[in-house]
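Enquirer: Quick one: structure below, then a few questions.
The values are calculated or read from the model by the stated rules, or taken from the named source; none is laboratory data. None of the values given here were measured: they were computed from a predicted structure. Backbone-built Cβ (ideal geometry, glycine too); neighbour counts: all protein chains shown.
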Amino acid sequence: MTRISVTIDGLSYDDDVEPRLLFVHYLRDRLGLVGTTIGCDTSNCGACTVLFDGDSVKSCTMLAVQADGGEVTTIQGLSPAGASQDELHPLQRAFHTHHALQCGYCTPGMIMASAGFLAEHPDPSDDEIRHGLEGNLCRCTGYQNIVRAVSAAAAEMRAAPAGAGLEEGART
């Protein structure tokens, strides 16, 4: 067993984990954070995407021991628990408003990948959004509404006062 300390959605965790435990299984099975979905376990679909130290990563490709000392935001930490539609993160609200989901399985990973992308590209074109999300697959939507949602969320986040957006939702 290996001891890790990690901050997830603003809460600190100290745990002993098997050295080969995948981070996605740590999140879901050990911590009960089931908003992070498992799609393929091979990094092809992106359903398990989380933010690790501000970068979007596929949690099925990292070991729990690699999270030691890091800060993680999952879909569940993006907005406050029990948040109303008005309290949701702009990406969550935009995905709802622009019908950017159907079955919803890929949605947590798609939103988290979008959050990481928008942190680096706050004013993207539609082509840049498509390129930025290429590692995340959706079998239902055809992607156009996802691109519209990310674009709308980007515009809302740019218009928000400094410090609002991901940081505010992730720390509330």
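Enquirer: For the range 156-170, name all the residues that are modelled with pLDDT under 70 and either touching an Asp or Glu at 6+ places or on another chain (Cβ under 9 Å) or of a type in the set (Asp, Glu) (or both).
Expert: Once the filter is applied, which keeps residues that are modelled with pLDDT under 70 and either touching an Asp or Glu at 6+ places or on another chain (Cβ under 9 Å) or of a type in the set (Asp, Glu) (or both), the range 156-170 yields Gly165, Glu167, Glu168, Gly169, Ala170.
Enquirer: For Glu128, which of the numbered conditions (1) touching a helix residue (DSSP H, G or I) at 6+ places or on another chain (Cβ under 7 Å); (2) outside the structural domain of Val57 (by TED's automatic domain parsing) fails to hold?
Expert: Going through (1) touching a helix residue (DSSP H, G or I) at 6+ places or on another chain (Cβ under 7 Å); (2) outside the structural domain of Val57 (by TED's automatic domain parsing) one by one, Glu128 breaks only (1).
Enquirer: Could you please find all residues in the range 138-155 being at pLDDT below 95 and either hydrophobic (A, V, I, L, M, F, W, C) or in a helix (DSSP H, G or I) (or both)?
Expert: If the condition is that a residue be at pLDDT below 95 and either hydrophobic (A, V, I, L, M, F, W, C) or in a helix (DSSP H, G or I) (or both), then Cys138, Cys140 are the ones that fit.
Enquirer: Could you check the range 122-131 and list, in sequence order, the residues that are over 11 Å from Ser151 (Cα atoms) and either under 10 Å from the mean Cα position of the chain (by Cα) or part of a loop (DSSP other than H, G, I, E, B) (or both)?
Expert: The answer is none; no residue qualifies.
Enquirer: To continue, here is another question. Report, by residue number, each residue of the range 62-91 that is of a type in the set (S, T, N, Q) and at pLDDT 95 or above. Even if it seems obvious, please write down each step before you answer.
Expert: Residues of the range 62-91 that are of a type in the set (S, T, N, Q), as a first pass: 66, 73-74, 76, 79, 84-85.
Correct list: Gln66, Thr73, Thr74.
Enquirer: Name the strands (runs of 3 or more DSSP E) wholly inside the range 40-116 in which the number of residues that are surrounded by fewer than 14 Cβ atoms within 10 Å (Cβ to Cβ) is 1 or more. Before the answer, list the steps.
Expert: Working: elements: 49-52, 55-58, 71-73.
Hits in the range 40-116: 55-58.
Enquirer: Now for a separate question. May I ask you to list pairs of residues, at least six apart or on different chains, whose Cβ atoms are under 8 Å apart, with the first in the range 32-45 being in the same structural domain as Val57 (by TED's automatic domain parsing) and touching a residue at least 60 places away in the same chain (Cβ under 8 Å) and the second being in a loop (DSSP other than H, G, I, E, B) and loosely packed, with under 14 Cβ neighbours inside 10 Å?
Expert: none
Enquirer: Taking the range 1-31 as the region of interest, how many residues are free of Cβ contacts under 8 Å to residues at least 60 places away in the same chain, more than 14 Å from Met112 (Cβ to Cβ) and of a type in the set (Val, Ile, Thr)?
Expert: Of the residues in that region, 1 qualify.
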